[in-house]
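The values are calculated or read from the model by the stated rules, or taken from the named source; none is laboratory data. Since this is a predicted model, take the numbers as computed values, not measurements. Note that we place each Cβ from the backbone using ideal geometry, even for glycine, and neighbour counts take in every protein chain shown. Areas reflect the complete protein model, heavy atoms only, side chains present, ligands, DNA and RNA absent. Shrake-Rupley method; radii C 1.70, N 1.55, O 1.52, S 1.80 Å.
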Amino acid sequence: MEFMGLKFSWIGKILSLLMSLMIIYAVSKSNRQEIGFTTKTNAKKQVIIGLLFFFGFLFFDFIFKMILFPKGGAFDLETFAFQATLPGLTEELAFRGIGLWLLEKAFSPKWTFKGIKFGWGFIMVTVLFGVAHGVFLTPNHELKFDLMTIVYLSLISSLSVGVLRKFSGNLIYPILGHNTINIMNAIIRIL
């Protein structure tokens, strides 16, 4: 469905953002902090570990996509404006904010690495992000699974911003990381 000639789902993302914010503000302040809706961060050393992990994966992602992505596209302001804002904001609030919080309530994290607790909730959110990007409905209303997209996004993009979320202690870093990945993808396509 086109809206005002725009090619991206601005309205859908804005509605997603509003829904996430309604959920976040419906819970207590301590739950909002558990969701990552806070400006507080973990210890500086932990944030640095998360950033190093993220940038290492980002470098690999860049090299891989430089080899495989089609090049020679035209600059499009809407693409850059959209990719720099809404996908990271809405998806991180939903997946590594609310989704991770709920799954960690259901599946208490049991593994500790560098002082950060991980568990099945983290693994599930990481894979669900890949699935959400690799399963789609065709114009003929057929459900298609792009297994390569699911695996790649789960193991590279989702894992890297997930680790960034856990080690930073808030959603600010993964939102910025997610949007960085999206902008990088847009730049690679126009090179």
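What is the calculated FRET efficiency for ALA43 to THR112, with r their C-beta to C-beta distance and R₀ = 25 Å, to the nearest 0.05?
Values: r = 14 Å, r/R0 = 0.56.
Between ALA43 and THR112 the formula returns 0.95.
For the range 103-153 and the range 163-182, what is the centre-to-centre distance using only Cα atoms, to the nearest Å?
A separation of 16 Å, based on Cα centres.
Which is farthest toward the positive dipole end of the chain among VAL125, MET184, PHE53, measuring Cα position about the Cα centre, with Cβ charges +1 (Lys, Arg) and -1 (Asp, Glu)?
PHE53
Where does helix 172-190 land angle-wise versus the long Cα axis of the chain, in degrees 0 to 90, nearest 10?
That helix lies at roughly 20 degrees to the long axis.
For the range 6-132, with all protein chains present and a 1.4 Å probe, just round the carbon and sulfur fraction of the accessible area to a whole percent.
On the way: 5510 of 7440 Å².
The computed percentage sits at 74.
Kindly report the accessible area of the range 1-137 per residue (heavy atoms of protein chains, probe 1.4 Å, no ligands, DNA or RNA), in Å².
Details: 8440 Å² over 137 residues.
It amounts to 62 Å² per residue over the range 1-137.
So the label point goes 7 Å from the Cα of ASP146 along Cα→C-beta, right? Which residues of the range 126-140 then have their backbone N under 15 Å from it?
Residues 129-139 qualify, since their backbone N sits under 15 Å from the label point.
Once the Cα atoms of helix 10-26 and of the chain are each reduced to a long axis, what angle between those two axes, in degrees from 0 to 90 to the nearest 10, is obtained?
Between helix and principal axis, roughly 10 degrees.
To the nearest 10 square angstrom, what accessible area does HIS141 show with a 1.4 Å probe?
140
Output the pairs from LYS40/LYS166; LYS40/LYS117; LYS44/LYS166; LYS45/LYS166; LYS13/LYS144; LYS45/LYS114 with a Cα-Cα distance over 19 Å in this structure; if there are none, say none.
Result: LYS13/LYS144 exceed 19 Å.
Each label point is 7 Å from the Cα along the Cα-to-Cβ direction; what then is the distance between the points at VAL131 and ILE67, in nm?
So the label points at VAL131 and ILE67 sit 2.9 nm apart.
Note down the magnitude of the dipole of the chain about its Cα centre, charges +1 on Lys and Arg C-beta and -1 on Asp and Glu C-beta and zero elsewhere, to the nearest 20 debye.
Details: 18 positive and 10 negative charges, 167 e Å.
With Lys and Arg at +1 and Asp and Glu at -1, about 800 debye.
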